[in-house]
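Working notes, structure below.
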Amino acid sequence: MISPDLLIINANILTIDSKHSRAGSVAVTDGVIAKIWPEKEPQREEIDHSKEPTMIDLKGSTLIPGFIDTHNHLLMYSRFRKQADCGTPPNRTIQDILDRMSDLAQETPDNEWVLGWGYDNTLLEEQRHPTRQELDAAVSDKPVFIRHISAHFAVANSLALQLAGIDETTEDPNGGFLGRDEAGHLDGVLHEIPALSLVQDVIPLPTEDELASLMGEASHDYLAQGITTSTDAGVGLDLGLTEFNAHLKAVKQGLNPIRMRFMVLHHLLNKDGYFKDYTAEQLDTYIQNQTDNRAYLDSAKFFQDGSIQGLTGALREPYYCEPELSGELLNEQQDFNKAIFELHNKGYRIATHGNGDRAIGSIIEAYENALNEKPISDHRHRIEHVQTATFQDLDKIKELDIAASFFINHVYYWGDHHKRLFLGPERAAKMNRLADAASKDILYTLHSDCPITPISPLFSIWIAVNRITREGDVLGDKQAVSVEEALRSMTIYGAKLNFEEDITGSIEIGKRADFAVLGADPTTIDPKNIKDIQVEATIIGGKVVYSQKKRQLT
């Protein structure tokens, strides 16, 4: 007889264990799975009812392990939620965006910035970035800054450039550049993060408390998608230490109930950074102590190229639409190898952004160099996005036991443009090589990269299974995976990537009671309908933290 706090009955349980077991009911004690039964309801004599456990009757709904999104930007998303939505849809033209910014400017107090996010030049009818002159015509009396959907570009009006001290004589920063028109004058477009930083550094910072509150609000959107563990993939990217401290506050104060993991930007960890004297173990201990063990260090975060749709992803072969252009690495190889090794040597797991295959090859080289200098048997160093890895790259990834986190949503949102413009049909069909990664038994996961694309594990699973683009084409059907495999990539594989496969990622006795309740079984419905499945509830540590509708509790 067991004495559970929570008893879930009449469920269709997909355990995601190694045997692909199914069950009907589960008991939870102190936030941990205590018992699982194949029956829809256990025998009464098996349960000690004297403590009056909470009972949830799922009435046939599907219970799965909570989703684990291994790469998104919760803090960035929480800030963007308060800014003008410049994405497509709803905006079709640059004028649509200008109208939104003008409307927001009228509501913005004097001396404050007018901020927007999410525009995509490749989806606008004009097929280009807005310019500072256009922004000036819409808003001239307040500084304006709009961030691109990729987060690697932005556009600013003249007042914003002036406040940032940028004029026609300003030199391009290392790793980025200032856009110019045909006459050589500044057009207001900022290319890559070092260029964005020139303007972002003068935008008034929100306080740590304000950021923590914003993340608390945004976390509810994540919970509504069944996410129980989330990795912020760029802590310190825009606001440095302020972001790190805000994350800790949001978790410690209970504003953000999600189990969190942090990729900390390398500049906070290197010899000039705030945490320069910390080993990985020391920083992880500090994070856990500050959050009552609700958050952990994931890795040290690097970038080695930009985005393919921005023509800044570093490719081995030229862009399909620009035969003279193949993108650039953000770091010289020798310097990159040194920076990676220094943090590897201090015990940090490394996570590096790599979209183009040349960048991926560079990351592999840096990891191999570090592992040759100081072998670590279970490092689980990561490559992020892995858009255009070749078959040979995957062989090397497997050889070195590198993990891959695939930005699978890219296939839907930009697959058509990659096929026609950026990569051409052959390379585009091989983006996000999930089937090849699975065949090589590479540890991999899927991610949304929210707010680059909306947060939805079920949508990512739908893409992995169907490979459907925005225009309805199937792109690279040979790289599709089964529904079961895709589910594992966002549950147990995510747990393994997080070094937590022994305590989460599947519904097994002794693991955390982190669950998502789905309105349909993704393994039995038409795979094309997976993205439309409703998340009915999310449970973390045996506590219901999100419910779409009130369930009968007895």
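Going by C-beta contacts inside 10 Å, put Ser25, Ser140 in order with the fewest on the left. Numbers along the way, then the final one.
Values: Ser25 22, Ser140 12.
Sorted ascending by nearby Cβ count, the order is Ser140, Ser25.
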Open item on the list: Just to confirm the number: angle between the C-alpha axis of helix 280-290 and the first principal axis of the chain, 0 to 90 degrees, nearest 10?
Closed with: 70
Task: Beta bridges per DSSP with both ends in region 77-200, % antiparallel, nearest 5 - done: 55
Task: Residue-by-residue Karplus 3J(HN,Hα) for region 235-252, coefficients 6.51, -1.76, 1.60, Hz, glycine and proline x - done: 6, x, 4, 9, 10, x, 4, 4, 5, 4, 5, 5, 4, 4, 5, 4, 6, 4
Task: Amide hydrogen neighbours beyond the local backbone of Met55, cut-off 5 Å, H modeled - done: Leu7, Thr554
Open item on the list: Tell me the mean residue ellipticity at 222 nm calculated for the chain from its helices only (DSSP H runs of n ≥ 4, each -39500 (n - 2.57), averaged over every residue, nearest 500).
Closed with: -8500 deg cm²/dmol
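I want the antiparallel fraction of DSSP beta bridges within the chain, as a percent rounded to 5. Kindly include the intermediate steps, with their values, before the conclusion.
On the way: 34 of 78 bridges.
Of all bridge pairs located within the chain, approximately 45 percent are antiparallel.
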Task: Distance between region 70-146 and region 446-520 - C-alpha centres, whole angstrom - done: 31
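Only loop residues by DSSP count here, and only those with at most 11 other Cβ atoms within 10 Å; note down the GluC sites (Glu not before Pro) in region 158-239 that meet that. Mind showing how you got there, number by number?
Numbers: sites: Glu168, Glu171, Glu182, Glu192, Glu208, Glu210, Glu217; in loops: Glu168, Glu171, Glu182, Glu192.
When the GluC sites (Glu not before Pro) of region 158-239 are filtered for loop state and at most 11 Cβ neighbours within 10 Å, Glu168, Glu171, Glu182 remain.
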TODO: Compute the distance in nm between two label points, each set 7 Å from the Cα along the Cα-to-Cβ direction, one at Met1 and one at His49.
DONE: 1.2
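Please find the FRET efficiency linking Lys59 to Glu217, where r is the Cβ-Cβ separation and R0 is fixed at 41 Å, and quote it to the nearest 0.05. If you can, show how the numbers build up before the last one.
On the way: r = 31 Å, r/R0 = 0.75.
About 0.85, to the nearest 0.05.
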Open item on the list: Quick check on region 77-200: take the gyration tensor over C-alpha atoms, sort the square-rooted eigenvalues as a ≥ b ≥ c, and tell me if it's rounded (a/c under 1.5), prolate or oblate.
Closed with: rounded
- [ ] Kindly list the residues of region 216-258 that lie in the label zone of Asp209, defined by a backbone N under 17 Å from the point 7 Å along the Cα-to-C-beta vector.
- [x] 216-217, 242-243, 245-256
TODO: Can you put Met76, Met215 in order of Cβ neighbours within 10 angstrom, beginning with the fewest?
DONE: Met76, Met215
TODO: Restrict the search to region 453-539; then list the GluC sites (Glu not before Pro) that DSSP places in a loop and that have at most 13 other Cβ atoms within 10 Å of their Cβ.
DONE: Glu471
Open item on the list: Roughly how far apart, in whole Å, are the Cα centres of region 284-319 and region 337-369?
Closed with: 11
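For Ser18 and Asp172, what does the FRET efficiency come to when R0 = 45 Å and r is the distance between their Cβ atoms, rounded to the nearest 0.05? Don't skip to the end; give the middle numbers.
Numbers: r = 52 Å, r/R0 = 1.16.
Calculated transfer efficiency: 0.30.
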Task: Phi-based couplings in Hz for region 20-32 (Karplus 6.51, -1.76, 1.60; Gly and Pro marked x) - done: 6, 5, 10, 8, x, 8, 8, 10, 10, 10, 6, x, 10
Open item on the list: Give the lysines whose C-alpha is closer than 22 Å to that of Lys543, dropping any in the same chain fewer than 8 places away, or say none.
Closed with: Lys35, Lys40, Lys51, Lys59, Lys249, Lys252, Lys511
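What does the charge count around Phe262 come to, taking other residues whose C-beta lies under 11 Å from its C-beta (Lys +1, Arg +1, Asp -1, Glu -1)? Write down the numbers at each step before the final one.
Working: positive: Arg261, Lys301; negative: Asp232, Glu243, Asp284, Asp298.
Net charge around Phe262: -2.
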Open item on the list: Run the numbers for Glu332 and Gln282: contour at 0.36 nm per residue of separation, minus the present Cα-Cα distance, in nm.
Closed with: 15.0 nm
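Arrange the following residues from fewest to most other Cβ atoms within 10 Å of their Cβ: Asp30, Asp232, Asp187.
On the way: Asp30 10, Asp232 27, Asp187 20.
Exposure proxy ranking, most exposed first: Asp30, Asp187, Asp232.
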Task: Proximal aspartates and glutamates relative to Lys338, as straight alpha-carbon distance under 14 Å, when same-chain residues fewer than 8 apart are discounted - done: Glu365, Glu368, Glu373
Open item on the list: Quick check: net charge around Arg433, other residues with Cβ under 14 Å of its Cβ, Lys/Arg +1 and Asp/Glu -1?
Closed with: -1
TODO: List every residue whose amide H lies under 5 Å from the amide H of Tyr348, counting only residues 5 or more places away in sequence or on a different chain, with H placed 1.01 Å from N in the peptide plane.
DONE: Ala280
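Taking only C-alpha pairs under 8 Å that are 6+ residues apart, what is the relative contact order of the chain in percent? Can you show the working numbers first?
Numbers: 1251 pairs, mean separation 91.5, N = 554.
Rounded, it is 17 percent for the chain.
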TODO: Rounded to whole Hz and in sequence order, give me ³J(HN,Hα) for region 318-328 from the Karplus expression 6.51 cos²θ - 1.76 cosθ + 1.60, θ = phi - 60°, writing x for Gly and Pro.
DONE: x, 5, 4, 8, 9, x, 9, 10, 9, x, 9
Task: the chain: angle of helix 208-223 to the longest principal axis, Cα-based, in degrees nearest 10 - done: 60
Task: Nonlocal amide H pairs with Gly234, under 5 Å, H built at 1.01 Å - done: Met263
TODO: Return one number: the angle in degrees, 0 to 90 and rounded to the nearest 10, between the long axis of the Cα atoms of helix 457-466 and the longest principal axis of the Cα atoms of the chain.
DONE: 80
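Every read-out reported here was derived from the displayed coordinates using simple, explicitly stated rules and does not represent laboratory data. Quick caveat, the model's predicted, so the values are computed rather than measured. Don't worry about glycine lacking a Cβ; one is built from the backbone with ideal geometry, like all the others, and counts go over all protein chains shown.
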